[in-house]
1. Run down LEU159, LEU118, LEU149 and say which single residue is more than 24 Å from the chain's Cα centre (by Cα), under 21 Å from HIS179 (Cα atoms) and modelled with pLDDT of 90 or more.
2. If you go through region 22-55 one residue at a time, how many are among the acidic types (Asp, Glu), at pLDDT 95 or above and either within 21 Å of SER75 (Cβ to Cβ) or open to solvent by 50 Å² or more (accessible area, probe 1.4 Å) (or both)?
3. Filter region 89-105 down to the residues that are surrounded by fewer than 14 Cβ atoms within 10 Å (Cβ to Cβ), of a type outside the set (D, E, K, R) and in a helix (DSSP H, G or I) and list them by number.
4. Go through (1) farther than 18 Å from ARG17 by Cβ; (2) among the acidic types (Asp, Glu); (3) over 21 Å from the mean Cα position of the chain (by Cα) for GLU103 and report which single condition fails.
5. Kindly evaluate SER134 against the criterion of being surrounded by 14 or more Cβ atoms within 10 Å (Cβ to Cβ), among the polar types (S, T, N, Q), more than 14 Å from THR200 (Cβ to Cβ) and out of contact with any Cys (no Cβ under 7 Å at 6 or more places or on another chain).
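The values are calculated or read from the model by the stated rules, or taken from the named source; none is laboratory data. Just so it is clear, the structure is predicted and the values come from calculations on it, not from any experiment. Cβ: placed from backbone, ideal geometry, glycine included. Neighbour counts: every protein chain shown. These area figures cover heavy atoms from the full protein model, side chains too; ligands, DNA and RNA do not enter into them. Shrake-Rupley method; radii C 1.70, N 1.55, O 1.52, S 1.80 Å.
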Amino acid sequence: GDWEVGLALFMERAFRRAITETEAAARAELWRQDGAHAALASVLLSPHFLFRVEEDRTDEEPWAVSSWELATRLSFLIWGEMPDAQLFALARDGSLCAPDVLEAEIGRMLDDGRAVALGERFAARWLGVSGVPSQAVDVRRFRGIGVGLKRAMLRETVLFFDDLVRRDASLLGLIDAQHTFVNAALAQHYGIEGVKGCVTVKQDFTGS
């Protein structure tokens, strides 16, 4: 019936992959015996929902991931969340693994506002600044560096990396760029004039 189709689609989305006939039949039987709540709870308590599970392989040589695994890796890297409907559709028909389709999808994902997660989850850790907000500071030597300013410093790094990726700019910009992302408090700390308010903005500091 329609509920069986809906359950199968729910499982596919929850597991982020194609489901087997055995998996679908088992949850459908649970639905019949104990109701919808039991069937849905079984899906949401499955390791395939709670963890990003990939197919077991015994090969010692590198292998290509499946289209479903690729979709999940991309979405959690770039967006920090599960694939959207378009990624799922491309995973389902296998076309995501085609180089031109993959390149187009990466471009689409980077153009999405959710791509800031790449800076929040990857760059902040890679550059070692994720712990800045909780980093202890000697306030006797460095006056004015409170929690708000430290959060602004972290936000600066996240937005700078996000901007660098969106512009497809060189990583050397991390060293010699002539702009940054600051709010008024952080701009004052850096000695940059002309920035007002608490909203973080892109600021050119050439000649400052």
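1. Numbers: LEU159 fails: more than 24 Å from the chain's Cα centre (by Cα); LEU118 fails: more than 24 Å from the chain's Cα centre (by Cα).
Being more than 24 Å from the chain's Cα centre (by Cα), under 21 Å from HIS179 (Cα atoms) and modelled with pLDDT of 90 or more holds for just one of LEU159, LEU118, LEU149, which is LEU149.
2. If we filter region 22-55 for residues that are among the acidic types (Asp, Glu), which is where we start, we get 23, 29, 34, 54-55.
The next check asks that each one be at pLDDT 95 or above; those that pass are 23, 29, 34.
Applying the additional criterion that residues be either within 21 Å of SER75 (Cβ to Cβ) or open to solvent by 50 Å² or more (accessible area, probe 1.4 Å) (or both) yields 29, 34.
Selection size over region 22-55: 2.
3. First pass over region 89-105, keeping only residues surrounded by fewer than 14 Cβ atoms within 10 Å (Cβ to Cβ): 89, 93-94, 98-100, 103-104.
Checking the rest, the ones that are also of a type outside the set (D, E, K, R) come to 89, 94, 98-99, 104.
Within region 89-105, ALA89, PRO99, ALA104 qualify.
4. Every condition holds for GLU103 apart from (3).
5. So SER134 fails the test.
Results for (1) open to solvent by 30 Å² or more (accessible area, probe 1.4 Å); (2) not in a helix (DSSP H, G or I); (3) not hydrophobic (A, V, I, L, M, F, W, C), shown as yes or no for each residue.
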site	(1), (2), (3)
VAL65	yes, yes, no
ALA71	no, no, no
LEU74	no, no, no
LEU77	yes, no, no
LEU87	no, no, no
MET109	no, no, no
ARG121	yes, no, yes
